[in-house]
Every structure is written in structure tokens, then in C-alpha cells.
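Q: My questions all concern the structure below.
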Amino acid sequence: ISDPTMLLAVGLSLGLFLLLLIGVSVYFLWRRRGQRRYQEMVTMIAPFPACTTPILQSNQRSRYRPHEIPFFLPPRFKPTLRSEEGEKEGWKDLSSTHRGSLTVGSWYPVGSVRASLYWVPDVSEGSPPPGRAVQLCFSVAYRHDNEQLYVSLLRLSNLPKCFYSNDTLADLRLLPDDRRRHKARARCRGRDPEFNDSFVFQVSGVCVSESVLSVYVLSVDRGGRHHAVGRVLFPIEGELGEGGRLLWRDLETKDKMQCSGLGDIQVSLNYSPSLQRLTVVILRARSLQIHTDTGVCFQVSLQIHTRVVKSRRTPVVSSGADPGFNHKMTFKLRPSQLDQTCLSLELIASGLTPVGVVVLGPFMYARGPQLQHWTDMVNTPNELVKQWHGLGKPT
């Protein structure tokens, strides 16, 4: 009985050894073949030939601009182009249809690389201005040929200590046309988080001088809660060079954006496209610099172009530094009228004379936080958007 068992064990051992040997042999053959293919691909890339003759003839004109780098393919990778006639002519040589006049030996031009698109300013070249305010470093460049605005978001400086361990986000918008927005996340944490991201906005040369770049910075804690750090509003004015401008700007913090000598008002806006209804809620006011015994109220006027369509008032409440209103009012408004409409909120004390005013609306009527509040309402339909605004002197 022991002899057949021993023979079976020896046979199984030999079989397993042979399978292992075959597997190792196949692995080394496959690896050797892969290295041979890699060496063949390396040898296919020939060195750039020496230019014994001028690249551009004197009677030829280059189609490349001064800040563009020509891009060539070696002869082994000769490009082909599909003919418009399809199957009749088949594939034809790209070099015969190429409009460029640059040729180096038998190498073929296929286009150019714009160095300015890959230019990132060196932040170490410019240190932040002195001060303790939170500052944002970015660059702006505009190309008139393709009507594109290039924004490079670099880093923050002097971030508050309570945000050191949080993730930092940035929301970029180009106002007043807010159809496109970009978001960036900092690559590191700490006092000076870095972004090193670039974004492109498509905007015509006529509208670029009327646009405002908005960068809203948020801090996200471990629980996912968002905390506002501040905002930068940069008007795109004047001629912007294609090389970009390295800029440092102080962030408008929450306290600075709400600072007003006459007081502040908290307003909630909501727009429903399906109902064509604009809802305005006057919540409360604070730090009002008004002393009267007759009470105060707010008058909200809906204005389209230069015509006041409808006006509504809140109930009169007792005057004080921080009165509460909590009054809701609605207006009928079509979606096509959002870019032509504004809301005028007037604080009325004794009599009918307004003592403070704030205007909310698109770029035609408002700037800064008032414009941002209106834009957020348009971009988030059917949602309440609440914000504080400082009262200004009525004109």
C-alpha cells in the first residue's frame, strides 16, 4: 500500500515543480519582450537634426506669433489627415496640406505651443504687502485674439489661526455674467495655504472692461461646516497684458463688508422661476443711528429700468438700536426681467423722508455685496439667500 502512495506523492511533486518552472520561464520571456519594445520606441525618436539652412526662407512668412513655440513631429511619426471627400481620396499626407512654412529637414510642423498659457508667476518674486489683513495673491491676463481671460489663483497670506487646520476653498466668478464659475481647493493647510490653479473665462473684449472678478474664500472644518473667510472684488479695467499681472489684494472680511455708519439690515431673497415670484423678507436691523419716538419701517420698491413698478412697506416697529421686522413681501417678476430689475430698500423714520437706503440688483444697479447677494439669488432658485447689508445715505 505504501508504494503506490509514495509514487503518487512523487508524481504530484514533479508536476507542481514543472508548472512552477514553466510559469517562471513565461514571466521572464514576457518581461524581456517588454524591455525590447521599450528600447525600440526610444530608438524611434531621432535627435533633432542640425539646422544647416535657415528655417524660414526670406520670401516666406511664418504664421506663428512671437510668443509661440513651433511643434514638430519626427519623420517616423509622419502625420496623416482624413480627406473631406471620404473614401474616394482616402488618407493623404498632412505635410502637403499644412499651411505653415516652417520645415526642418524631414520633420513636419503640426502646430505651436503658447508659452503664455503655461506661465505661472513665481510667488517668491513678490512678497505680500505689510499688514495683518488676510491677503490673496493671484494674476490676471487677457488675450484679445481668442477673447479669454486667464486667472491664476496662487496663495493666501495671514490666514486666521482658527482656520489653520481646515481646508480652504475658493469660489471664482466673473460678474455680472455669472453663468460660469470655478472652484479651487488649497493644496496645503496652515497660515499661508497655496492653490496654484489656473482658470479660463470666455468673455468678449467689449465686456471685459465692465467685468468684475469675484473670489470668495471659505474654510471647511472637519465636520464639513463652511466658514466665510472673506472676498476679493477685482474690477477688470484697462489693458491687461498677455503676460499676466501679479496682484496682492486684501480680503474683505465679514465685519468689513457689513460695516456702515448708519446701521445694517439683514435681508433674505428668494426667486421662483416657475411661479415668476420674487420674495423679499426683511428680517432685522442692527446698530441703527436713528433716534425717534414714532418708530421706523422699511419701504421696498421694485424698479425695472428707471420706473418703479411696485412699493411695499413693513409694519412700523419701535425704534431702537436693533429692531426686528420679520416681514415677508412678494413681487411678480418674469425671468427675462431679472437683469433689468433692482430692489431699493429705504429706512423711513419720522415722516416720509428716507434716512438710509440699500440697492440690491444686477451689475447695472449694484456692486460689491449687494451685487453678490442678487447673483446668489439668481443662481440658486427656490432657495432663501440671507445676507447683511450696510445702509448708505439716500441720494
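Q: What tally of residues in the stretch 301-340 results from selecting those that are in contact with an Asp or Glu (Cβ under 8 Å, 6 or more places away or on another chain) and within 16 Å of ALA285 (Cβ to Cβ)? First the steps, then the outcome.
A: To start, the set of residues in the stretch 301-340 that are in contact with an Asp or Glu (Cβ under 8 Å, 6 or more places away or on another chain) comprises 301, 319.
This time we only want the ones that are within 16 Å of ALA285 (Cβ to Cβ), so: 319.
Adding up the residues that qualify gives 1.
Q: Just for the stretch 225-238: of the residues that are part of a loop (DSSP other than H, G, I, E, B) and within 23 Å of ASP197 (Cα to Cα), which one is modelled with the highest pLDDT?
A: Looking at residues that are part of a loop (DSSP other than H, G, I, E, B) and within 23 Å of ASP197 (Cα to Cα), I get ILE236.
Table: residues versus (1) at pLDDT 90 or above; (2) open to solvent by less than 50 Å² (accessible area, probe 1.4 Å).
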{"residue": "GLN148", "(1), (2)": "no, yes"}
{"residue": "LEU159", "(1), (2)": "no, yes"}
{"residue": "TYR164", "(1), (2)": "no, no"}
{"residue": "THR168", "(1), (2)": "yes, yes"}
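Q: Okay, next question. Hey, does the stretch 357-376 have a residue that's over 29 Å from LEU174 (Cβ atoms), basic (Lys, Arg), surrounded by 14 or more Cβ atoms within 10 Å (Cβ to Cβ) and not assigned by the TED database to the domain that holds GLU252?
A: no
Q: Looking only at the stretch 202-224, how many residues end up being farther than 14 Å from ASP145 by Cα and in contact with a Ser or Thr (Cβ under 9 Å, 6 or more places away or on another chain)?
A: Number satisfying all stated conditions: 7.
Q: Of the residues that make up the stretch 309-317, is at least one closer than 20 Å to PRO273 by Cα and not β-branched (Val, Ile, Thr)? Steps first, please.
A: Keep residues of the stretch 309-317 that are closer than 20 Å to PRO273 by Cα, which gives 309-310.
Now drop any that are not not β-branched (Val, Ile, Thr), which leaves 310.
Looking through the stretch 309-317, at least one residue is closer than 20 Å to PRO273 by Cα and not β-branched (Val, Ile, Thr).
Q: Tally up the residues in the stretch 183-217 that are open to solvent by less than 60 Å² (accessible area, probe 1.4 Å) and free of Cβ contacts under 8 Å to residues at least 24 places away in the same chain, please.
A: Within the stretch 183-217, residues that are open to solvent by less than 60 Å² (accessible area, probe 1.4 Å) and free of Cβ contacts under 8 Å to residues at least 24 places away in the same chain number 1.
Q: On to the next question. If we keep just the residues of the stretch 284-307 that are within 20 Å of CYS342 (Cβ to Cβ) and without any contact (Cβ under 8 Å) to a residue 40 or more places away in the chain, which is least open to solvent (accessible area, probe 1.4 Å)?
A: Per the stated criteria, the residue is ILE304.
Q: Tell me which of these THR168 doesn't satisfy, since it passes every other one: (1) part of a strand (DSSP E or B); (2) more than 25 Å from THR380 (Cα to Cα).
A: Every condition holds for THR168 apart from (2).
The values are calculated or read from the model by the stated rules, or taken from the named source; none is laboratory data. Keep in mind that this is a model prediction, so the values were computed, not measured. We place every Cβ from the backbone using ideal geometry, glycine too, and count neighbours over all the protein chains shown. We work out accessible area using only protein heavy atoms, side chains counted, and drop any ligands, DNA or RNA first. Shrake-Rupley method; radii C 1.70, N 1.55, O 1.52, S 1.80 Å.
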